[in-house]
1. Give the residue from Leu238, Ile224, Gln64 lying farthest towards the positive end of the charge dipole for the chain; charges sit on Cβ (+1 for Lys and Arg, -1 for Asp and Glu) and the dipole is referred to the Cα centre.
2. Count neighbours as other Cβ atoms within 10 Å of each site's Cβ, and list the chymotrypsin sites (Phe, Trp or Tyr not before Pro) in segment 63-144 that are DSSP loop with at most 16 such neighbours.
3. Specify the inter-centroid distance of segment 320-378 and segment 1-38, based on alpha-carbon positions, in whole Å.
4. Quick one: 3J(HN,Hα) in Hz for segment 131-146, Karplus 6.51/-1.76/1.60 with θ = phi - 60°, rounded, Gly and Pro as x.
5. Taking the chain as a Gaussian network, where each spring joins two C-alpha atoms under 10 Å apart, which residue of Ala117, Ala176, Ala345 fluctuates the most?
6. Average projected area of the Cα convex hull of segment 136-256, in nm²?
7. For segment 288-367, state which trypsin sites (Lys or Arg not before Pro) are in a DSSP loop and have at most 12 other beta carbons lying within 10 Å of their beta carbon.
8. For segment 97-151 and segment 233-294, what is the separation of their C-alpha centers, rounded to whole Å?
Amino acid sequence: MEQSVKKETLLVLNRMEMEDQTVLVTNQGDFYTKLQNTYFTDWMSYDVYIKEDQCIGIAQVSEQEQTIENAYLKSCQDEKISFLFAGAVYEKELQERWISCEPGVCDLVFRDGALTAIKTKQDIIQGQMLSYDDSEIEIEDYGRIHHNGKLPVYQTYGDVSEKSISDVVLGNMNVAYVTAGKEVCAILILQPADIKNIRVLLLSDDGTNIRSDVYLKCSTNANITCGDETKSAGSEELLHPADTLTMAPGKTYIVKPESEDGKIYLCNGNGTAVSNGYAGTIEVHSTENGYTVVNELPLEEYLYAVVPSEMPSSFSPEALKTQAVCARSYVYMQLMRADLAAYGAHINDSTSYQVYNKVEKTKESVAAVDATCGQVLT
C-alpha cells in the first residue's frame, strides 16, 4: 500500500550532503530530501511534506516553537550552549546571555533560530534494571514503568556520551531513570557495570520460554515478594505463584530463601520436585500466554552448576578449570548482549547458551571454578 504524505513541522539541526540528496537531521529524526540544501538553515523550523523517510516539499518557514526532547545538556554558560542529542554533540552560540544551568536531561525549545527555554527534568529514581521491552522497563523496587519507545541512554561518568539500552547490564549496573509524568524518558548510566550476578531464563520442559503453570518449593523458610507485599513461606511449602499474580497483574513474584544455602525447586502440582535445586532467587512473571521463570544468582555460583552440566566431573582437574574459564568468558560476553532482556534474563539454561543445573554442582566443579575465579579469555 502506498504511503500517504504527511505535513510535519521540523527543527533542522544539521544537513549532510550525499551524492544525489541531502540528509536533514532534525528534532524528529533524519529525513532524506532531493530539495536544494540552500532551502534550509540550521536551527530554523519548517512546515514540510513527509512521505516515509523522505522530505518531498516545503510549505513554509514555521514560526511555531519546536522542542528537542530529552537532550543531555553538557553546558550552558554565557552565550553558548552544548548538548548531546541522538548520538551527536551540538554547540550553538546564543543571542543573549543565559544563567548557567547544571548538566542533565532537559527539553530545549527553539523559535526563529533562537533558544527560548531550557526545561530541566529533575525527577529521578534509581535501581537495577531487571528487564525491558518496546514499551516498559522493569526496575528493582519500582516494578514496570512505561516508556514511549524513544528512550535515550546517556553515560554520565567520564566523557558524557550516548549509549544504547543494550549497554545497560541487567541487574549489575548503577542506573538512574529520568521520569516525566508516569513515564521513563531517559536513562543515565552512572557507573561501569559491577558484574556480580547473572539472570537465567529457565525453559519449560518442551524448551519454550513460557510455561503454562509454575509450582515451587524451598528447602528452607523463604520470603515471598510480589509488588509491595511480602510474606513468609515455610520449608517445603508448595507455592503456586499464579494464585498471587492473578490478583497483581504486571507484578513479579519473587522467592528468596532465608538461608544462604537454601535451594528452590520447580515442582509439579503434587509438590514433587522436577528439577535440581536453584541457588539465589526465583522470579515468576505472568504474560498473556503463561509464565516466565528467571533464576538470579551470583555468577560464580552459576558456574558451579554449568561446569558439571557441560563436562563430566570425572574429567581431569585441568580440563575442568579450562571449562570454567571458557564458561565464565562466554557469560561475560552474553551479559553485554541482552538477547533476552524482554524476559528479564541474560541467557537461558539450554544448549542455546550454556547448559545450567542439569547436573548439580560437585566438589570438583566448585574447585575448578574457585581455582580460576575471575579468569576470562581475552
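All of the numbers you see were taken from the coordinates with simple rules; none came from a lab. Treat the numbers as computed from the prediction; the structure is a model and nothing was measured. Don't worry about glycine lacking a Cβ; one is built from the backbone with ideal geometry, like all the others, and counts go over all protein chains shown.
1. The one lying farthest along the dipole's positive direction is Leu238.
2. Tyr142
3. 47 Å
4. 6, 7, 9, 6, 9, 9, 10, 9, 10, 4, 6, 10, x, 8, 10, 6
5. Looking only at Ala117, Ala176, Ala345, the largest GNM fluctuation is found for Ala117.
6. Taking a quarter of the hull surface, the average projection is 9.6 nm².
7. Arg337
8. A separation of 35 Å, based on Cα centres.
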